[in-house]
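The following block contains the structure, expressed as structure tokens.
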Amino acid sequence: MRELAYRGRVPRDTLTREQIVRTAIELLDAEGLEGLNMRSLGIRLGSAATAVYWHVKSKDDLVMLAGDEVWNEIELPDLSAVDWRTAATTMATELHAMMTRHPWLVRAFGSHLVYGAGKARHDDHSLAVYEKAGLVGAEADQATATVFMFVLGSALGVSAAVSLRRRLSRDGGNAEELIRDAIAKASEIGMRFPRLRARIEGVSDIDYAAAPDKSFEFGLQAILDGLEARLAARRMPASQGPRRSRG
């Protein structure tokens, strides 16, 4: 039988889709989208690459399955136990943490179809959070999309940095040294501009390219402050609203 030719490897009939997807996530975390292929996955599984195809049709399908599975890592808050703002903060923070743990996912959104029950579970609960706040219909969708886009944008920096380091290393260079040189040159240019100069003089060269501490928390709370103010304005009695000047 063909399986006997792969002595010491996992026979195809002992592999499961769950095992393949979990191993694919580990490979993606370590090597990124470029490092994911059936041969490398087979080596990690201790199986022939051909055996993987019995469970997953293609690399695109594998990325879709892996990309959906990681959404299940996000813990969904109990909406009967916490207020909407606490729930929204928890979900956004968990989503940001998940995306920075798996930086390949951010890139996958631009190159692969990523959908499934894991993401749907998260999206449905997110809508429930903003419905609890008092937003309905399109407004709940808009609030969910606004927070998601903010989190995605915040995680993009981590994803881009990981991808850049991998590319520079694959090209044979010293990634850290090349990045330090680029930041030093960027700092020299920034010194020509007064506000950038003030910031550069207050931090080390390597910190110049980084966002200030607590930027994610600041941005998220600013968005939620805006939503809360919008809801409060609706509840305000007409007599307390802005007075109109008499002509």
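The values are calculated or read from the model by the stated rules, or taken from the named source; none is laboratory data. If you're wondering where the values come from, they're calculated on a predicted model, not measured in any experiment. Cβ placement follows ideal geometry from the backbone for every residue including glycine, while neighbour counts extend to all protein chains displayed. Please note that ligands, DNA and RNA were not included when accessible areas were found on the heavy atoms of the full protein model with its side chains. Shrake-Rupley method; radii C 1.70, N 1.55, O 1.52, S 1.80 Å.
Would you kindly state the longest site-free stretch of the chain, with sites defined as trypsin sites (Lys or Arg not before Pro) in a DSSP loop (not H, G, I, E, B) surrounded by at most 10 other Cβ atoms within 10 Å?
Numbers: sites that count: Arg7, Lys57, Arg192, Lys214, Arg243, Arg244, Arg246.
Looking at the chain, 58-191 is the longest stretch - no exposed trypsin sites (Lys or Arg not before Pro) with at most 10 other Cβ atoms within 10 Å.
I want to check a number: in the chain, how many lysine pairs have alpha carbons closer than 28 Å, given a sequence separation of 8 or more or different chains?
Values: Lys57/Lys119; Lys59/Lys119; Lys119/Lys132; Lys119/Lys214; Lys132/Lys214; Lys185/Lys214.
Counting lysine pairs in the chain gives 6.
Work out the length of the dipole vector of the chain about its Cα centre, built from +1 on the beta-carbon of each Lys and Arg and -1 on the beta-carbon of each Asp and Glu, and round it to the nearest 20 debye. Let's see the in-between values first.
Values: 33 positive and 33 negative charges, 117 e Å.
Its charge dipole is roughly 560 debye.
Once you've got the GNM for the chain with C-alpha springs shorter than 10 Å, pick whichever of Gln142, Gln19, Gln221 has the biggest mean-square fluctuation.
Among Gln142, Gln19, Gln221, the largest GNM mean-square fluctuation belongs to Gln19.
Ok, one more. Taking only the alpha-carbon atoms of the range 71-163, what semi-axes of the equivalent ellipsoid follow from 5 times the gyration tensor eigenvalues under a square root, in whole Å, largest first?
24, 13, 12
Right, next: Tell me whether the range 117-239 comes out rounded, prolate or oblate; compute the Cα gyration tensor, take square roots of the eigenvalues as a ≥ b ≥ c, and use a/c under 1.5 as the rounded threshold.
On the way: a/c = 4.76, a/b = 1.79, b/c = 2.66.
The shape class here is oblate.
In the set (1) -0.58, -0.79, -0.89; (2) -0.36, -0.55, -0.65; (3) -0.41, -0.60, -0.71, which value of log10 I(q)/I(0) by the Debye sum over Cα atoms at q = 0.09, 0.11, 0.12 Å⁻¹ was calculated from the structure you see?
Computing log10 I(q)/I(0) by the Debye sum over Cα atoms at q = 0.09, 0.11, 0.12 Å⁻¹ and matching it to (1) -0.58, -0.79, -0.89; (2) -0.36, -0.55, -0.65; (3) -0.41, -0.60, -0.71 gives (1).
Let me ask something additional. Please compute the per residue accessible area over the range 123-206 with all protein chains in place, 1.4 Å probe, rounded to a whole number of Å². Write down the numbers at each step before the final one.
Details: 5130 Å² over 84 residues.
It amounts to 61 Å² per residue over the range 123-206.
In degrees between 0 and 90, to the nearest 10, how far off the longest principal axis of the chain does helix 84-101 point, with axes built from Cα atoms?
30 degrees
Which residue, Asn72, Asn174, Asn37, has the most motion in a Gaussian network model of the chain that connects Cα atoms within less than 10 Å?
Maximum among the listed residues: Asn174.
Quickly estimate the mean residue ellipticity at 222 nm for the chain, helices only: each DSSP H run with n ≥ 4 gives -39500 (n - 2.57), and the total goes over all residues, rounded to 500. Before the final figure, lay out the partial values.
Numbers: 11 runs with 156 residues, N = 247.
It comes out at -20500 deg cm²/dmol, rounded to the nearest 500.
Per the 1.4 Å probe, what fraction of the accessible area of the chain, in percent, lies on carbon and sulfur atoms? Don't skip to the answer; put the middle values down first.
On the way: 8220 of 15020 Å².
So the carbon and sulfur contribution to the accessible surface is 55 percent.
Efficiency by 1/(1 + (r/R0)^6): what FRET value for Glu34 and Ala198, r their Cβ-Cβ distance, R0 = 45 Å, to the nearest 0.05? Before the final figure, lay out the partial values.
Numbers: r = 39 Å, r/R0 = 0.87.
In this case the efficiency is close to 0.70.
Let me ask something else about it. Principal axis extents for the range 6-113, Cα atoms only, whole Å, descending order, please.
56, 27, 21
So what's the angle, to the nearest 10 degrees on a 0 to 90 scale, between helix 215-235 and the longest Cα principal axis of the chain?
The answer is roughly 50 degrees.
Amide H to amide H under 5 Å from Val56: which residues, 5+ apart in sequence or cross-chain, H placed 1.01 Å off N in plane?
For Val56, whose amide H was placed from the backbone, there are no distant partners under 5 Å.
Over the range 9-107, average the accessible area per residue using a 1.4 Å probe and give it in Å², no decimals. Write out the running numbers ahead of the final one.
Values: 4540 Å² over 99 residues.
Normalised by residue count, the accessible surface of the range 9-107 is 46 Å².
Using the Karplus curve 6.51 cos²θ - 1.76 cosθ + 1.60 with θ = phi - 60°, what ³J(HN,Hα) values do you get for each residue of the range 62-73, in whole Hz, with x for Gly and Pro?
After applying 6.51 cos²θ - 1.76 cosθ + 1.60, I find 5, 5, 4, 5, 5, x, 7, 4, 5, 5, 6, 6 Hz.
In whole Hz, with x marking every Gly and Pro, tabulate ³J(HN,Hα) for the range 122-136 from phi via Karplus 6.51 cos²θ - 1.76 cosθ + 1.60, θ = phi - 60°.
5, 5, 5, 5, 4, 4, 4, 4, 6, 5, 5, 5, x, 8, 10
State, to one decimal in nm, how far the label point of Leu164 lies from the label point of Ala117, with both points 7 Å from Cα in the Cβ direction.
4.0 nm
With the chain treated as a Gaussian network of Cα nodes joined by springs under 10 Å, which of Tyr115, Tyr53, Tyr130 yields the largest mean-square fluctuation?
It is Tyr53.
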